[in-house]
């Protein structure tokens, strides 16, 4: 069980790295390489299926992520004030939560661990946005 946790954490880290790199230097080739399991960003063993699921979901909605994050920001904070690293974490987390709502709390906890590693001062903000997103999913499901 513990090995699965670390495998998922390393996979999510690889997805965040890919998104961060694409935010910094947009490139279609990056998505192609990642989705073909070339693991250009990591030499660590990862869960290829999970990585592909996250990257494909992120890529599919690439032009919508800013709007999704802003909807769940619930404050006067400008999106430009969120670091690229936190934005990459949010994008990957939201993409994965949309696909696996039933384990949202586990997904959030693992992405918060990555936030602590890479942009510790933004943990409360990332947590607030992810909680708001999960709440908005619940409200939408109740209305359906």
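The values are calculated or read from the model by the stated rules, or taken from the named source; none is laboratory data. Because the structure is predicted, anything quoted here is derived from the model rather than measured. We place every Cβ from the backbone using ideal geometry, glycine too, and count neighbours over all the protein chains shown.
Things worth noting here:
- Scanning the range 118-144 for residues that are more than 21 Å from residue 67 (Cα to Cα) and in contact with a helix residue (DSSP H, G or I) (Cβ under 8 Å, 6 or more places away or on another chain) yields 118, 119.
- Residue 16 being over 18 Å from residue 134 (Cα atoms), in contact with a helix residue (DSSP H, G or I) (Cβ under 9 Å, 6 or more places away or on another chain), crowded, with 18+ Cβ neighbours inside 10 Å and modelled with pLDDT of 90 or more: yes
- Members of the range 85-144 found to be outside any helix (DSSP H, G or I) and farther than 19 Å from residue 7 by Cβ, listed by number: 119, 144
- Of all residues in the range 60-84 being outside any helix (DSSP H, G or I) and free of Cβ contacts under 8 Å to residues at least 12 places away in the same chain, the one that is surrounded by the fewest Cβ atoms within 10 Å (Cβ to Cβ): 76
- Some residue of the range 85-95 being without any contact (Cβ under 8 Å) to a residue 24 or more places away in the chain and either surrounded by 13 or more Cβ atoms within 10 Å (Cβ to Cβ) or touching a helix residue (DSSP H, G or I) at 6+ places or on another chain (Cβ under 7 Å) (or both): no
- Residue within the range 102-119 that is surrounded by fewer than 19 Cβ atoms within 10 Å (Cβ to Cβ), closer than 20 Å to residue 24 by Cβ and either at pLDDT 95 or above or in contact with a strand residue (DSSP E or B) (Cβ under 9 Å, 6 or more places away or on another chain) (or both) present: yes
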